[in-house]
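Have a look at the structure below before the remarks.
The values are calculated or read from the model by the stated rules, or taken from the named source; none is laboratory data. Remember, predicted model here, so these are calculated numbers, not experimental data. Cβ coordinates were reconstructed from backbone atoms using ideal geometry, including for glycine residues, and neighbour counts include every protein chain displayed. Only protein heavy atoms, including side chains, enter the accessible area calculation; ligands, DNA and RNA are left aside. Shrake-Rupley method; radii C 1.70, N 1.55, O 1.52, S 1.80 Å.
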Amino acid sequence: MDSIKGERTTSSHVVAIPYPGRGHINAMMNACRILATSNGTSLLITFVVTEEWLGLISSTNAPPNLRFQTIPNVIPSELVRGADFPGFIEAVHSKMEGPFEELLERLEPPAGFFVADTMLSWALKLGNRREIPVASFWPMAASMLSVALHFDMLASNGHFPINTSERGDERIDYIPGIPSIRLGDILPSRGKLENAHRLILGAVTLATKAKCLLLASFHELETQVIDILKANLPLPIYTLGPYILYINMTPENRVIGPCDMDYFNWLDSQPMSSVLYVSLGSHVMVSGEQMDEIAIGLGASGARFLWVVRSDAPRLQDLSGEMGHVVPWCDQFKVLCHSSIGGFLTHCGWNSTMESIFAGKIMLTFPFAFDQHINSKLIVEDLKIGMKLKNEEEIIKREEIARNVQRLMDSKGDERKEMRRRAREHQEACRRAIEKGGSSYRNLHMFVSDVLL
């Protein structure tokens, strides 16, 4: 990347504070790596996480001007947060601000700028109190942002609150920039997650008071909604898009070569575009019954698959063999870029969605909560690069899983061929966005020169 020259000033010390979830941390970390190298040594970036998270992330090979600092483990451990997700969100909003402010007092040079996850509303308030400008980092789709900003329109149109089990299939088309969408894809589940949903909506509304907004999407992917947000929000918006994947640092990052890891050896032995990659996120709690249905459905589909299972599930290890491979972890981005991968069964987290688009892969969507349903709708209905597992019952049955896996992976099917053609088009647009002169390339340089310097 071309460097942007500028003398170091107080504002050139950027303190980045991500929401403590893997997808949020990965996205901001990669954006900070890009920022740290986009300006030579002019910018100093301090990346702040909990002590636990510093042990979970890779801080190796970081640029010398990207350093790491920690606050104490004042929130539930990443290993157990899925057991009480609403409680975890409440702790993030109530217990992190004090230790973070104490850390600020010790930083040298003093912080001149914050890049804070939009979900951390206290970071924006703290920046305003200390007269430190804040860039609000939105690590999700622009479509989700528009839904959150205009959530009051649902109530004014009589669509909130409602029973989504009865009216979830009703469609609306009045959210700015969002084509016709099911109510069930944008309304929260009733019960424990409602308080968490209210906290998120409040944080999004407050984000309009930031110095600027950084979007983890790119213009060509969500053109209509991004144009509307830029025209109507009272702050500059910069679309960093593919930079959250950290894929432009060296050419070899885009090339998947021989690897001695077992699962790559297995992938190397499979036919081109024949393997379904299966991953349902880093902390989503899938019931044992649902895991069994997925396992049996995959076996019945006859498709080859690589399945990442982040839990102790010995019975699933029996699936490893000629047609399937089960692993507890993998380098997802490199796996998706592997030539033998022909599809992705995904929970539709935004990082996973962006990685799949960059890799040019089609998707079978299995969303659970929050933005995942909107991402699924974007994949299936708007971009037309995937299919959705219909969740009309609490447990998706093996027959439904097997049937849709067969449809997605049918190498002779016209449906798959058309989805793959469109996936290649979006892949090309994604890569053009970070080439010199591309939309995200321009936005990154404008953010550094117009805001940070």
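Between Ala231 and Ser77, 0.36 nm times their residue separation minus their Cα-Cα distance comes to what?
Separation in residues times 0.36 nm, less the Cα-Cα distance, equals 51.4 nm.
For Lys390 paired with Asp414, estimate the spin-label separation in nm (one decimal), with each label point 7 Å from Cα along the Cα-to-Cβ line.
Spacing of the two 7 Å Cα→Cβ label points: 2.1 nm.
Keeping every protein chain present and rolling a 1.4 Å probe, give me the accessible area per residue for segment 308-453 in Å².
43 Å²
Mind checking which of Ala300, Gln224, Pro271 is farthest towards the positive end of the chain's charge dipole, using Cβ charges of +1 (Lys, Arg) and -1 (Asp, Glu) about the Cα centre?
The one lying farthest along the dipole's positive direction is Gln224.
Note down the magnitude of the dipole of segment 39-111 about its Cα centre, charges +1 on Lys and Arg C-beta and -1 on Asp and Glu C-beta and zero elsewhere, to the nearest 20 debye.
Here the size comes out at about 240 debye.
If I model a spin label as a point 7 Å beyond the Cα along the Cα-Cβ vector, how far apart are those points for Asp84 and Lys125 in nm?
Going from the Asp84 label point to the Lys125 one covers 2.2 nm.
What accessible area per residue comes out for segment 13-87, rounded to a whole number of Å², with a 1.4 Å probe?
Per residue, segment 13-87 has an accessible area of 34 Å².
Is there a quick way to get the dipole size of segment 115-217? I mean about its Cα centre, with the Cβ of Lys and Arg at +1 and of Asp and Glu at -1; what is the value in debye to the nearest 20?
Computed about the Cα centre, the dipole is about 440 debye.
Report ³J(HN,Hα) in whole Hz for each residue of segment 151-165, in order, from the Karplus equation J = 6.51 cos²θ - 1.76 cosθ + 1.60 where θ = phi - 60°; Gly and Pro get x.
Listing the rounded values in order: 4, 5, 5, 5, 5, 5, 9, x, 10, 8, x, 9, 8, 5, 5 Hz.
Calculate, in nm to one decimal, what Leu56 and Asp169 gain on full extension: separation in residues at 0.36 nm each, minus their alpha carbon distance.
Difference between extended and current length: 36.7 nm.
With a 1.4 Å probe and all protein chains left in place, how much of the accessible area of the chain comes from carbon and sulfur atoms, in whole percent?
The value for the chain is 50 percent carbon and sulfur by accessible area.
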